[in-house]
Amino acid sequence: MMASNGIYVLTAPGAPPSVPSVPRALTVAQPATAPPASFFDTTSSTVAGFASVCGLLVAVGSAARRGIGHRRQSSRVQLRGASRAPFKEPVNFRAKPGDKYTYRCPQDFNTPEFGHWPPEAPDRVVKYGQVHFKGNPTGETEFYAKKAGKKQMDKDRLTGNSNDSRGALLLDCDGTIVETERDGHRVAFNQAFKKLGYDCEWEVGLYGELLTTGGGKERMTRYFTDYNPEAWPHEEPAAKDNPKIMELHELKTKLFMEIVRSGQLPLREGIEDLITDAFANGWKVGVCSTSNEQAVRAVVETLLPEFAPEIPIFAGDIVSKKKPDPEIYNLAAKEMGVAPMTCVVIEDASIGCSAAKAAGMQVIVTKSIYTEDEDFEGADEIVSSAAEIDFEEDVVAMLPTLQMS
């Protein structure tokens, strides 16, 4: 049959007519058209555009926070007042002498502001250009006086003419800081004996004899062994490591601390002034005792509360041998970082004097109630109380000095 375009097409009988294919060369080019976009394609494009805008906004905000777009903040430290100085560079601006710290200097290590000396003191910290924990202002005159004194002190150390010697002041506790033996320890011992059912009581004179033995547990061991064995009701012999002796001593310590904290035992005359002068002159101060550490700490914290945090305590069973062995004083010198020859010891008993001299230290004896008639052989000075001691003339003068040949 013939199609509409004039081309004859052969078809099988009974087959449906079909449109004949046009040769590729005769096909007229038709303009290409894209299929219509779907809903999901449109949504994806919108989301991508929105994300791009958000990213741009975030970038702009970050740049603004970093200072981009305007003058970047200087890394220099802004001082209070009308002065401005860069960090890690010399600062010439200073507060007026005697003024409070109106201005802050970020790196005054070698030339500190008025009111703080020395520069390396622990209460002055420079961190990230800021000064923390400033000292109290003292004024221009005292500032330059201290500065000149430091230069002279450094010069004296080199020439051996130093008068600013610094050492350690070590004090015994019982009988030295406070009269605890007769009206403190003795009373506590008797109370402990009574509460635990021991048929004994220490009189004033007897306790004076027992004091020649250092340590409370050792003292009770000596009493129940040599003085009154019948008062010891246990099969095992009395010894310092016996559980019954330790029980007695623990109770006695508790009772003694109650007596101390009640305020019944005042400081001995001159002790507080002596410790004050020691700290004022840059000395270290410590307490060395054969008594229980808790009992000694109770005495120091109750009677010397303003000095207690600065006073280390060496007492009790911290050493294996008690006075007159020098172990307690050797330990104190080692822990405090001082040479024994630069230590001055205040003692009230002969066994303490012997211990300190054996450690190579200077000793000043302040006689107490029980040690009035003891022999203080080797003591450098003997007085009735600490009130007779002048810190400069008696304590500082005992330290050895370097003599240049």
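Tabulated values for the structure
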quantity: Accessible-area composition of the range 197-349, carbon plus sulfur, in percent [1.4 Å probe]; calculated: 49 percent
quantity: Relative contact order of the range 188-238, defined on C-alpha pairs under 8 angstrom at six or more residues apart (%); calculated: 27 percent
quantity: Calculated from backbone phi, Karplus (6.51, -1.76, 1.60) coupling profile of the range 46-54 in Hz, x at Gly/Pro; calculated: 5, 4, 4, x, 5, 5, 4, 5, 4
quantity: Residues of the range 271-344: accessible area per residue with a 1.4 Å probe, Å²; calculated: 43 Å²
quantity: Hz values of 3J(HN,Hα) by residue in the range 257-263 - Karplus curve (6.51, -1.76, 1.60), Gly and Pro given as x; calculated: 5, 5, 5, 5, 6, 6, x
quantity: Ile382 long-range amide H proximity, modeled H, under 5 Å; calculated: Val365
quantity: Distant-in-sequence amide H partners of Ala239 (H built 1.01 Å from N, under 5 Å); calculated: Ile245
quantity: Over the range 211-272 - Rg/Rh using Cα atoms and the Kirkwood inverse-distance radius; calculated: 1.10
quantity: When each of Lys195/Lys240; Lys252/Lys321; Lys244/Lys357; Lys244/Lys321 is checked by Cα-Cα distance, pairs over 27 Å; calculated: Lys244/Lys357
quantity: Rounded accessible area per residue of the range 173-259, 1.4 Å, Å²; calculated: 47 Å²
quantity: Under Karplus coefficients 6.51, -1.76 and 1.60, residue-wise ³J(HN,Hα) of the range 342-359 in Hz, glycine/proline x; calculated: 9, 9, 10, 9, 10, 10, 10, 10, 5, 5, x, 4, 5, 5, 5, 5, 5, 7
quantity: Long-range HN-HN contacts of Gln362 with modeled amide H, under 5 Å; calculated: Cys343, Val345
quantity: Magnitude of the charge dipole, the range 246-336, Cβ model with Lys/Arg +1 and Asp/Glu -1, debye to 20; calculated: 240 debye
quantity: Against the rule of thumb 2.2 N^0.38 Å, how large the Cα Rg of the range 243-373 comes out; calculated: 1.06
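The values are calculated or read from the model by the stated rules, or taken from the named source; none is laboratory data. Note that the structure is predicted; figures quoted are calculated from it, not measured. Here the Cβ is made from the backbone with ideal geometry for all residues, glycine too, and neighbour counts use every protein chain on show. Side chains included, ligands, DNA and RNA excluded: accessible areas come from the protein's heavy atoms. Shrake-Rupley method; radii C 1.70, N 1.55, O 1.52, S 1.80 Å.
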